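The values are calculated or read from the model by the stated rules, or taken from the named source; none is laboratory data. Since we're looking at a predicted model, the values are computed, not measured. As a convention, Cβ positions derive from the backbone with ideal geometry for all residues, glycine included, and neighbour counts pool all protein chains shown.
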Amino acid sequence: MTSVASAPVALTADGVSKAYGDRRALQGVSFSAHRGERIAIIGPNGAGKTTLLQILAGSLKPSGGSVSLEGGEIGWVPQQPALYSKLSVAENLRLFARLERCPDVEATVERMLDQTGLRDRARDETGSLSGGNRQRVNVAIGLLAEPSVLLLDEPTSSLDPRQRERLWVFVSGLAEAGTAVVYATHNVAEAERFADRVLVLADGELLFSGSPRELERTVGGDAEAPDFESAFVRFLHDRGH
Amino acid sequence: MRWLLLKDLQILRRSPLLVGVLIGYSIVVSLVAGAALSSGPSKPTVAFANLVPREKSQVALGGRQVDATKYAGKLFAKVQPIRVKTRAEAIAKVRSGEALGALVVPADVTDKLQGTLGLSGAGRPTVEVYFNADNPLKRQFVQDTIDSTLADANQAISAEVLREAARYLNIIVAGGKVALPIVGSVDILGLRNAQTIIDAARAGLPANAPERAALAQVSRFARLAADNLDLSKPILASISSPVRVQEHVVAGSKSSLSAFAAEAAVIGSMMFVALLLAAGMLALEREENAFGRLIRGLVTRTALVAEKVTLAALAAFVLTTVMLGILGGLLGLDFARSPLWLVVLALGSLAFGAMGVAIGGATREVRSASLAAFVVSLPVAALALVPSGAVASGLYDLIRVVSAAFPFRPGMQALDAAISGGELLVPLAHLAALALVFSALARLSLRRFA
């Protein structure tokens, strides 16, 4: 935590708000993500996690506030695989590499086939792949531009435990290489294991920003909450959620 | 944009069944609709029973024998006859559906015609017509065709009678020979010759002869009668066709029925392919969750609209160009005008493509987009094809306004002008305007597409 906190800032959200008519989905959310840092956004359903990630990714305009990227690119991995099921794995990677204006498209495709371990499925239509493999291609597309910040929305929701483990090992490797990783998840245990910092969102408000241990300490430690999930639930309960 | 376009073509290439159904369905539906719109059968099949004995086919007209069967030829000009021998056979053909109607000429028709011509009071000759009434439209068509052919035959007979009457008048005025039944050939003096004789006889009488005044009266009567009967000949001639017809096309199509059918089929196919493809392929971007990924800097929403419009327009343009080429060859259309056809097909495809993208943007899912495109296309086409005079004028004005908001009617007008001549710029400008308006609507619909 200490080491990544001192790393250069890769992304800053400053007072980001989003309203749909009278409903306020996000209210003045501010935080920074450092290079090599893994940030988990957790919160109950409807907290605004996906909305925040979409705004950070640039696919949704905020009603207020701003997002600034300190150089590099943002990679975006939506919750549902965003792939063309009639195209093969390689064709999907090639299409998005071209749209990302990668300088050497074929080399990029080859690199991503190696990184995702899908070289032997390169010619298969993605519609014929398992949910886990589709998610691997989905993540690979997010990484095509070699982003300095990688945003993932519920990346393991459709994966079995073995695939989840492989994905987190892969993502952790990216973070170690200096990529800032920000992800939303419902799986609090994953946040505890694979996040340097958690952001707790509820009703569009950022209620907490700190390490999992700091969250546990906030609610009184082992006496009040024996594990991280209990601490998280207690934290929300104490704040009226 | 070109990578997205290639991607869409690749996806279509991998969906041959879907593309085949889309194209096949569009062509078949449009061709059938075009054919149905432009016809009844061009020559309805009619069973024909001539019950007049061969020896009774002649009618005496003045001193001449006229073969009444030659007027049957008039009946066959507009129908496809099935010749049968009896009335029952003719009716059976209608009942079975083999013939749409039957025309029976009874055995006594020439006797009655002879009686009518001889003013014997034998009653007017009558022919019998039988219809298959399973379809009111079909029945009306056959009835109109037979009525019109009978009117032609009646007119031909009356023209023959009038010609003979005029010849008689000529003999009465100028004198000559006339052949009469039983009596044979008879010399007729004629009014003018009678006047000459009377004038000569009157000149030979003494100046104070009391007969001179009476003969002068007879001579004046002969001259007046000859002059007036001479004048009545052109009047008689005009009776055979009292009203002349001079046709002018004031507005609308100069196309033949078959060219109109081809135009309807081509624009119909263009509409189905462009709408369904544009709406479906845009909705696919959302269904595959790719839209959110694309618009975060990879592709602008405007470029996405342009790409989908281009894709749909390209497919519709290629399909309708091939279609019109084939139909043009079959119907003998003027290929020298084909550059104009291509301009119309290109602009029409763009307008329908833009409309399809607007539908796709509003509906979001492939299935609902396809359904919406299909549901919208049918009334759009139907409204555009409502002819003037078919409904009340206020309703027709409303229909014109509504159908002007969609590309079908201006597409038909433009293609008609490109094929057969007429005002082309206005419908082309209309199509271009619709392409822009629907593109703008499509762009607006993408604001909340994700």
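Looking at region B:283-295, which of its residues are part of a loop (DSSP other than H, G, I, E, B) and either more than 9 Å from chain A (Cβ to nearest Cβ) or under 15 Å from residue B:447 (Cβ atoms) (or both)? Answer for region B:283-295, where residues must be part of a loop (DSSP other than H, G, I, E, B) and either more than 9 Å from chain A (Cβ to nearest Cβ) or under 15 Å from residue B:447 (Cβ atoms) (or both): just B:295. Against the test of being charged (D, E, K, R), within 23 Å of residue A:37 (Cβ to Cβ) and surrounded by 19 or more Cβ atoms within 10 Å (Cβ to Cβ), the options A:164, A:94, A:134, A:121 yield a single qualifying residue, A:164. Strands (runs of 3 or more DSSP E) fully within region B:29-96 that include at least 1 residues being within 30 Å of residue B:265 (Cβ to Cβ), modelled with pLDDT of 70 or more and within 25 Å of the chain's Cα centre (by Cα): B:45-50, B:80-84. Scanning region B:300-330 for residues that are hydrophobic (A, V, I, L, M, F, W, C) and surrounded by fewer than 15 Cβ atoms within 10 Å (Cβ to Cβ) returns B:303, B:318, B:322, B:326, B:330. Scanning region B:296-310 for residues that are in contact with an Asp or Glu (Cβ under 9 Å, 6 or more places away or on another chain) and away from chain A (no Cβ under 14 Å) yields one hit, B:308. Do you know which residues across region A:125-163 are modelled with pLDDT under 85, in contact with a Ser or Thr (Cβ under 9 Å, 6 or more places away or on another chain) and under 15 Å from residue B:289 (Cβ atoms)? Within region A:125-163, A:131, A:157 qualify. Before we move on, is residue A:166 outside any helix (DSSP H, G or I), more than 15 Å from the chain's Cα centre (by Cα) and charged (D, E, K, R)? Answer is no for this residue.
Only one of B:258, B:253, B:269 is at pLDDT below 90 and in a helix (DSSP H, G or I). Can you tell me which? Sole residue among the options that is at pLDDT below 90 and in a helix (DSSP H, G or I): B:258. Of the numbered criteria (1) touching a helix residue (DSSP H, G or I) at 6+ places or on another chain (Cβ under 8 Å); (2) modelled with pLDDT under 90; (3) more than 8 Å from every other protein chain (Cβ to nearest Cβ), the one residue A:81 fails is (3). Does region A:109-117 include one or more residues that are more than 10 Å from every other protein chain (Cβ to nearest Cβ), assigned to a loop (DSSP other than H, G, I, E, B) and over 16 Å from residue A:171 (Cα atoms)? Checked region A:109-117: no residue is more than 10 Å from every other protein chain (Cβ to nearest Cβ), assigned to a loop (DSSP other than H, G, I, E, B) and over 16 Å from residue A:171 (Cα atoms).
Considering region A:66-78 alone, what residues qualify as being within 12 Å of another protein chain (Cβ to nearest Cβ) and either farther than 24 Å from residue A:178 by Cα or surrounded by fewer than 20 Cβ atoms within 10 Å (Cβ to Cβ) (or both)?
Step one: of region A:66-78, the residues within 12 Å of another protein chain (Cβ to nearest Cβ) are A:67, A:69, A:73-78.
Matches in region A:66-78: A:67, A:69, A:73.
Residues that are within 18 Å of the chain's Cα centre (by Cα) and assigned to a loop (DSSP other than H, G, I, E, B) within region A:71-108 comprise A:72, A:73, A:78, A:79, A:80, A:81, A:82, A:83, listed in sequence order.
In this structure, does residue B:411 turn out to be among the small types (Gly, Ala, Ser), surrounded by fewer than 13 Cβ atoms within 10 Å (Cβ to Cβ) and not in a loop (DSSP other than H, G, I, E, B)? Judged against the criteria, residue B:411 is not a match.
Considering region B:9-27, the residues that are surrounded by 13 or more Cβ atoms within 10 Å (Cβ to Cβ) and more than 14 Å from chain A (Cβ to nearest Cβ) include one that is nearest to residue B:259 (Cα to Cα), namely B:27. Restricting attention to region A:55-65 and to residues that are within 12 Å of chain B (Cβ to nearest Cβ) and not aliphatic (A, V, I, L, M), the residue that is farthest from residue A:14 (Cα to Cα) turns out to be A:59. Of all residue pairs spaced 6 or more apart or on separate chains, none has beta-carbon atoms under 8 Å together with a first member in region B:365-385 that is under 15 Å from residue B:273 (Cβ atoms) and in contact (Cβ under 8 Å) with a residue 12 or more places away in the chain and a second member that is in a helix (DSSP H, G or I) and charged (D, E, K, R). The condition of being β-branched (Val, Ile, Thr) and either closer than 30 Å to residue A:134 by Cα or within 14 Å of chain A (Cβ to nearest Cβ) (or both) does not hold for residue B:344.
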